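The structure under discussion appears below in the form of structure tokens.
The values are calculated or read from the model by the stated rules, or taken from the named source; none is laboratory data. Because the structure is a prediction, the values reported are computed rather than measured. Note that we place each Cβ from the backbone using ideal geometry, even for glycine, and neighbour counts take in every protein chain shown.
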Amino acid sequence: MELDRRGILGGLALAGSAFAAPRWALGASLHDKAIRPGFDEVGGAAINLTIGHGPRVVQGRRGHATAVNGTVPGPLVRLKEGQTATLNIHNTLDAETSIHWHGLLVPFQMDGVPGVSFPGIPAGGHFTATFPVRQSGTYWWHSHSGLQEQTGHYGPLVIDPAGPDPVSADRDYVLLLSEFTPMHPHTIFDKLKKGEHYFNYQVPSWTDRYPLTGAQRRMWGKMRMMPTDISDVTGSTYTYLANGRGPQEGMEFLFRPGERIRLRIINGSAMTFFNMRIPGLPMTVVAADGQNVRPVEVDEFQIGVAETYDVILEPGRSAAYSIVAEAMDRTGMALATLASQPGARAAVPPLRDPPLLTMADMGMNHGKMDHGDMDHGKMDHGAMDHAAMGHQGMDMDEQSGGAMTMDDDSGMDMSGMPMRDTSLLPPDVKVGPGIDMVSMNPVDRMGEPGIGLDKVDHRTLDYRKLVALEPNPDTRVPTRLLELHLTGNMERYMWSFDGRKFSAVSDDPIRFANNERVRVRLVNDTMMAHPIHLHGHFFELVNGSEGAHQPRKHTVIVQPGGSAQFDLTANEPGDWAFHCHLLYHMHAGMFQIVTVTPPAEDAA
């Protein structure tokens, strides 16, 4: 339903003092309905957020939850570009907590990452975040403490533009995708450390119907890998949610035929990539990660963890349409309905067959060569740091040592394949037990729609189709190339950048001079897709668009065995988190700190 913002805000004005905790947050009345699904809307000059905990029930499954203002997700925070935001956060938990304003340009002390930008909010404590609102668009907020994000500590954030909005709509809705599990997040992590396939119920067997030949099955067996190893945590424990509601709990958005609807889609999940589609209704993508893009009409797209997409819908005269967010591994879906009247429903498509990993996902895209993915017409070769380029530009024979041979049955004979040929890595990558695979030929895969969507017979989205609507503020040619490898050992559940698990004690940060223009190349040496997020900045994807209209994002999916590049203007001084947004990958070590020096230090 549409939110009555004026009525909600009027009710909040009568709620009492700034830090008056509700009864549920104090533990005075914990019962099955204490934490409710869905969210209210808060806004204005000062916003009060109270973090508490209690029981939660989703489709009959009971678990413990972390909630903000009594709901999961927490409230929709609505701001206005140009205002000064004041957010009073009160922690009633018996543990430290935090709130990170995902995608917002804020002073680093307000960014909300304990140990990086502030000390955290202690048990029983409070913190006031104050910052100027310098942008507009669709974003979200979430905890950066103790895996609380998995238990419900997250919510949507929408910033209205100061001037006219280039996107016009009759209705404006938010769809926040996430997961529920009754299992404690640290228990999930422990199970992943003990056996990385614990949640995978799609293991190949003698009775499966996967389209694999005998030779292909033997190949995967020799590698001790599974072609169905798509997601670490699956529908075997997750119930996938739309605005906090399971697929049987009736999440709906009302419409009248002929209306133009803006749907702001946020992936606020801990571990799940979703494939979004609305059978019978195309979607026109108009914004990515809060930034306006030239409209592109699609029938389905993949949204990675922490990404946001705004789409325009123009429903016809059908009584209802199903909004389907199918988990990438196809073990379940989040579901909502676009309804012409309350209770109207449309057919829900069945789950599709699970996708299978390919040679491309192992970094063996031979036939395509990646010479650093550089646009030689755009790089300043006089100023570039060529030492940072590592082993880019090798040909296939040099990389593989001639070990690759074709096989008529499986398409590839893996018997001589050096899956861990660390000689392919640059010298600054730490080689050790944290690396169990090295991508042999990591081609740029930004023109691909994502796992499971490469063979569908309808229109899909990929990063190469995104073009910024407004010109970028900085179109300078990058003067340096920084290459980072996404590394891991799936069997031991170790994840890292450049083979180094993050350590706050011993790690040197990634350093940028103030206002430095850098091209960053991310090479994925693993067989899993990683959504990589940089705090405090937007970057421009190097996706084939001309420089002034490269799309700006804060999160980029790097496909398995592939690479992706972005141009960054490091103009936000301070210390910033840089990490994979798969929660348990970050917790396992795929995290780093980026330091942007203040202008005065550069001058000195």
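Per-structure values
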{"quantity": "Matching residues, the range 502-549, being in contact with a Cys (Cβ under 9 Å, 6 or more places away or on another chain) and hydrophobic (A, V, I, L, M, F, W, C)", "calculated": "I532"}
{"quantity": "Test: R260 is of a type in the set (D, E, K, R), closer than 30 Å to G63 by Cα and modelled with pLDDT of 95 or more", "calculated": "no"}
{"quantity": "Residue among M328, M276 that alone is within 23 Å of Y201 (Cβ to Cβ), hydrophobic (A, V, I, L, M, F, W, C) and crowded, with 19+ Cβ neighbours inside 10 Å", "calculated": "M328"}
{"quantity": "The listed residue being of a type outside the set (K, R), part of a loop (DSSP other than H, G, I, E, B) and either within 30 Å of H186 (Cα to Cα) or touching an Asp or Glu at 6+ places or on another chain (Cβ under 9 Å) (or both), out of G488, G434", "calculated": "G434"}
{"quantity": "Within the range 35-53, tally of residues that are outside any strand (DSSP E or B), in contact with a Lys or Arg (Cβ under 8 Å, 6 or more places away or on another chain) and surrounded by fewer than 23 Cβ atoms within 10 Å (Cβ to Cβ)", "calculated": "1"}
{"quantity": "Every residue from the range 100-116 that is assigned to a loop (DSSP other than H, G, I, E, B) and either more than 16 Å from H533 (Cα to Cα) or free of Cβ contacts under 8 Å to residues at least 24 places away in the same chain (or both)", "calculated": "P107, G115"}
{"quantity": "Test: P471 is at pLDDT 95 or above, of a type outside the set (V, I, T) and part of a loop (DSSP other than H, G, I, E, B)", "calculated": "yes"}
{"quantity": "Some residue of the range 578-595 being farther than 17 Å from H144 by Cβ, outside any loop (DSSP other than H, G, I, E, B) and not β-branched (V, I, T)", "calculated": "no"}
{"quantity": "Some residue of the range 152-165 being of a type in the set (A, V, I, L, M, F, W, C), over 24 Å from M251 (Cα atoms), in contact (Cβ under 8 Å) with a residue 24 or more places away in the chain and crowded, with 17+ Cβ neighbours inside 10 Å", "calculated": "no"}
{"quantity": "Qualifying residue in the range 109-128 (condition: touching a Leu at 6+ places or on another chain (Cβ under 6 Å) and aromatic (F, W, Y))", "calculated": "no"}
{"quantity": "Residue list for the range 169-189, restricted to those being assigned to a helix (DSSP H, G or I) and among the acidic types (D, E)", "calculated": "none"}
{"quantity": "Matching entry among M394, M446 (being hydrophobic (A, V, I, L, M, F, W, C), in a loop (DSSP other than H, G, I, E, B) and modelled with pLDDT under 85)", "calculated": "M394"}
{"quantity": "Residue identified as surrounded by fewer than 20 Cβ atoms within 10 Å (Cβ to Cβ), under 23 Å from the mean Cα position of the chain (by Cα) and not assigned by TED's automatic domain parsing to the domain that holds G280 among L486, L534, L482", "calculated": "L482"}
{"quantity": "Residue within the range 589-603 that is crowded, with 24+ Cβ neighbours inside 10 Å and touching a helix residue (DSSP H, G or I) at 6+ places or on another chain (Cβ under 7 Å) present", "calculated": "no"}
{"quantity": "Set S178, S231: member being among the hydroxyl-bearing types (S, T, Y), more than 24 Å from M527 (Cβ to Cβ) and touching a strand residue (DSSP E or B) at 6+ places or on another chain (Cβ under 8 Å)", "calculated": "S178"}
{"quantity": "Flag if R464 is under 27 Å from M328 (Cα atoms), within 24 Å of the chain's Cα centre (by Cα), surrounded by fewer than 21 Cβ atoms within 10 Å (Cβ to Cβ) and at pLDDT 95 or above", "calculated": "yes"}
{"quantity": "Residue satisfying condition, being of a type in the set (G, A, S), more than 23 Å from R264 (Cα to Cα) and modelled with pLDDT under 95, within set A45, A65", "calculated": "A45"}
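The rows are residues; the columns are (1) under 26 Å from G363 (Cα atoms); (2) in contact with a Ser or Thr (Cβ under 8 Å, 6 or more places away or on another chain); (3) touching a residue at least 40 places away in the same chain (Cβ under 8 Å); (4) not basic (K, R).
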site	(1), (2), (3), (4)
A548	no, yes, yes, yes
R552	no, no, yes, no
P560	yes, yes, yes, yes
Q565	yes, no, yes, yes
A570	no, no, yes, yes
L583	yes, no, yes, yes
V594	no, no, yes, yes
